[in-house]
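Below is one structure, written out as structure tokens; the observations come after it.
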């Protein structure tokens with residue numbers, strides 16, 4: 001269901017729709033013609049997401065990177081966390097993709113080996129809970145289930161009313 005709502009939201013934020021309360025709190029970028037980075041981790045859900053929009057700030061405190069920023073953001077974090085803790089590095093080129101950031105700037109990471117999405121909090125050196133079993137599950141959580149998303153759910157209602 002997130003695909004339908006994301007499409008409505010991308011159309012809404014691309015139009016001259018009024019930015020009423022609470023819709024003004026978020027933004028969804030229209031899709032980009034930027035190609036997916038070569039040899040960059042992906043999954044069908046992640047590719048669907050970027051076919052519908054080019055990232056944005058929506059849901060409670062999650063900022064999704066633009067497609068053009070995926071590669072540089074990922075490799076910035078690979079380098080930042082390369083000698084972290086025991087020197088083994090936290091993220092691996094070709095396996096991990098930093099797709100978003102939380103409100104503190106911590107990266108949300110897609111792992112192409114097991115299909116999971118999880119946030120890494122570098123200040124404590126830990127993978128945060130929960131860990132989502134798929135990119136779809138992560139987006140379902142962001143769109144519909146987060147306990148801090150009452151305003152986001154109101155915004156989705158307004159967007160649905162204007163889009164449908």
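For segment 91-114, the criterion of being touching a residue at least 60 places away in the same chain (Cβ under 8 Å), closer than 17 Å to residue 141 by Cβ and assigned to a loop (DSSP other than H, G, I, E, B) is met by none of the residues.
Taken over segment 135-150, the criterion of being touching a helix residue (DSSP H, G or I) at 6+ places or on another chain (Cβ under 8 Å) and surrounded by fewer than 17 Cβ atoms within 10 Å (Cβ to Cβ) is satisfied by 140, 144, 146. Of all residues in segment 123-158, those satisfying the criterion of being in contact (Cβ under 8 Å) with a residue 12 or more places away in the chain, under 19 Å from the mean Cα position of the chain (by Cα) and within 25 Å of residue 15 (Cα to Cα) are 139, 140, 142, 143, 144, 149, 151, 152, 155, 156. Being modelled with pLDDT of 90 or more, crowded, with 16+ Cβ neighbours inside 10 Å and over 17 Å from the mean Cα position of the chain (by Cα), is that true of even one residue in segment 72-89? Checked against the condition, which is being modelled with pLDDT of 90 or more, crowded, with 16+ Cβ neighbours inside 10 Å and over 17 Å from the mean Cα position of the chain (by Cα), segment 72-89 yields at least one hit.
Filtered by the rule that a residue be within 15 Å of the chain's Cα centre (by Cα), within 19 Å of residue 101 (Cα to Cα) and in a helix (DSSP H, G or I), segment 13-47 gives 45, 46, 47. Among the residues making up segment 102-114, those that are surrounded by fewer than 22 Cβ atoms within 10 Å (Cβ to Cβ) and at pLDDT 95 or above are 111, 112, 113, 114. Filter segment 57-71 down to residues that are surrounded by 21 or more Cβ atoms within 10 Å (Cβ to Cβ) and touching a strand residue (DSSP E or B) at 6+ places or on another chain (Cβ under 8 Å) and give me whichever is nearest to residue 14 (Cα to Cα). Within segment 57-71, the match that is nearest to residue 14 (Cα to Cα) is 58.
Hey, any hits in segment 1-8 for a residue that's crowded, with 17+ Cβ neighbours inside 10 Å, touching a strand residue (DSSP E or B) at 6+ places or on another chain (Cβ under 8 Å) and closer than 27 Å to residue 150 by Cβ? Within segment 1-8, one or more residues are crowded, with 17+ Cβ neighbours inside 10 Å, touching a strand residue (DSSP E or B) at 6+ places or on another chain (Cβ under 8 Å) and closer than 27 Å to residue 150 by Cβ. Against the test of being over 21 Å from residue 136 (Cα atoms) and part of a helix (DSSP H, G or I), the options 51, 88, 68 yield a single qualifying residue, 68. Condition check: modelled with pLDDT under 95 and under 17 Å from residue 140 (Cα atoms). Does residue 20 satisfy that? No: the conditions fail for residue 20.
Each row is one residue, and each column tells you yes or no for (1) free of Cβ contacts under 8 Å to residues at least 24 places away in the same chain; (2) at positive phi; (3) buried (at least 18 other Cβ atoms within 10 Å of the Cβ).
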| residue | (1), (2), (3) |
| --- | --- |
| 10 | no, no, yes |
| 22 | no, no, no |
| 28 | no, no, yes |
| 33 | yes, no, no |
| 41 | no, no, yes |
| 44 | yes, no, no |
| 48 | no, no, no |
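The values are calculated or read from the model by the stated rules, or taken from the named source; none is laboratory data. All figures in this text were calculated on a predicted structure; none of them were measured in a lab. Using ideal geometry, Cβ is built from the backbone for each residue, glycine included, and neighbour counts are taken over all protein chains shown.
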